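Please treat every number below as a calculation from the coordinates, not as lab data. None of these values were measured; they are calculated from a predicted model. As a convention, Cβ positions derive from the backbone with ideal geometry for all residues, glycine included, and neighbour counts pool all protein chains shown.
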Amino acid sequence: MPNDVAIVGGSYAGLAAALQLARARRSVVVVDAGHRRNRFAGTSHGFLTRDGEAPASIAESGRQQLLAYPDVRFVEGVAEMARPEGEGFNISLQGENLSARRLILATGVVDELPAIPGLRERWGRTVFHCPYCHGHELARGQIGVLATGPHAFYQAMMLPDWGSTTLFINGAFEPDASQSAMLAARGVKIEKEPVVELEDSKATVILADGRKVSLDGLFVAPRTRMASDLPEALGCAFEEGPMGPFIRTDPMKATSVAGVYACGDAARAAGSVSHAVGDGVTAGMAAHQSLIFG
């Protein structure tokens, strides 16, 4: 007998989808490779009732709650292939094949960070992408924005609410006269000298001319790519967001492929734990209802 629903991705979106289906007494299998996008961060912020907790703790709590439902099974590993089969789908892992009537993709994205020495080591600790997730903890200190493209303007405009802000152009973006005036009105400093390295326990920026700028936190909006080849292999349509492609879905998180739903960071232009959980709830309910109504 096939599972009612297979969910590829066992982070926040996938867990939230599984919970709705488990409570509908449907059989669910969750395939989890164990690579949460926010695994580098020590704490997670902005998720109601769990603010300031370790990301791993939130995910493990969700997993344990799901395991209390008899119709949920977890499989650890990477889903290497998924294809339509009969009225459902076949999902291949190393050493195991799974079948399900519906498929939910909660496969996430990978952040492609600028190749600046010292940046990757500080990712999620003193180098961040989301001010709502990490800005408050910087206590109105010295904040930097490392430009990767035009989106840096929006980051730099927002961040003065969290601290004194410097925009490092770094050859990736040049604000026009109107943008420069808006940044000046917000008190943002613009630094055109290229960034060559980050050092110390915080995020001190070393510039090409040898100057050092001491920061409490540095924000960067990296390009993203799909963490899994499954969406493309299945033929899912994509949209191009400001940071990279994401799976196109309708308001109920259905993709362009019949029977396939997508949620979380893989299916939105930008995300957070709260957004991922909300998307997962919608995808889980929609997949359940499709089993009834077609």
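Over all pairs of distinct alpha carbons, what does the Kirkwood formula give as the hydrodynamic radius of the stretch 1-58, in Å?
12.6
Candidates MET243, ALA68, ILE91 compared by Cα position along the dipole of the chain: farthest toward the positive end lies ALA68, with charges placed on Cβ. Annotation for GLN65 and GLU137: the two label points, set 7 Å from Cα along the Cα-Cβ direction, are 2.2 nm apart. Only DSSP H runs of four or more residues enter the estimate; each adds -39500 (n - 2.57), and after division by the residues of the chain the mean residue ellipticity at 222 nm equals -7500 deg cm²/dmol.
For the chain, list the DSSP H helices whose alpha carbon atoms reach 24 Å or more along the long axis and whose average Kyte-Doolittle value is -0.5 or above?
Details: long enough: 273-293 (30 Å, 0.76).
The qualifying helices are 273-293.
Expressed to the nearest 5 percent, the antiparallel share of DSSP beta bridges inside the stretch 114-220 is 30 percent.
This ranking places ASP32, ASP176, ASP279, ASP265 by how few other beta-carbon atoms lie within 10 Å of each, fewest first, which gives ASP176, ASP32, ASP279, ASP265.
In nm, what is the difference between 0.36 nm times the number of residues separating ALA184 and PHE293 and their Cα-Cα distance?
Result for the pair: 33.7 nm of gain on full extension.
Taking a point 7 Å from the Cα of SER274 along the Cα-to-Cβ direction, the residues of the stretch 23-46 with backbone N closer than 12 Å to it are 45-46.
Can you give the net charge of the other residues whose Cβ lies under 10 Å from the Cβ of ASP4, counting K and R as +1 and D and E as -1?
+3
Once the C-beta distance of ASP176 and ASP200 is scaled by a Förster radius of 22 Å, the resulting FRET efficiency is 0.05 to the nearest 0.05. Dipole magnitude for the stretch 114-220: about 160 debye, using +1 per Lys or Arg Cβ and -1 per Asp or Glu Cβ, origin at the Cα centre.
Spin-label pair ASN97-ASP229: with each label point 7 Å from Cα along the Cα-Cβ axis, the two points sit 1.9 nm from one another.
Of all aspartates and glutamates in the structure, those lying under 19 Å Cα to Cα from LYS212, and not within fewer than 8 positions of it along the same chain, are GLU121, GLU191, GLU193, GLU197, GLU199, ASP200. Projecting the Cα atoms of PRO131, LEU19, GLN179 onto the dipole axis of the chain, where Lys and Arg carry +1 and Asp and Glu carry -1 at the beta carbon, places LEU19 farthest toward the positive end. Each 10 Å bin from 0 upward holds the following percent of the Cα-Cα pairs of the stretch 114-220: 16, 53, 29, 2.
Counting only cysteine Cβ atoms and a cutoff under 4.7 Å, the chain contains unmatched residues CYS236, CYS263.
Other residues lying with their Cβ under 12 Å from the Cβ of PRO131 contribute a combined charge of -2, Lys and Arg counting +1, Asp and Glu -1. Under the simplified labelling scheme, the GLU87-VAL110 pair shows an inter-label distance of 3.8 nm, with each label point 7 Å from Cα along Cα→Cβ. Percent antiparallel among DSSP beta bridges with both residues in the chain, to the nearest 5? In the chain, DSSP labels about 45 percent of beta bridges as antiparallel. Only beta bridges with both residues in the stretch 162-263 are counted; by DSSP, about 75 percent of them are antiparallel.
Taken over the alpha carbons of the chain as equal point scatterers, the Debye sum produces base-10 log I(q)/I(0) values at 0.07 Å⁻¹ of -0.30.
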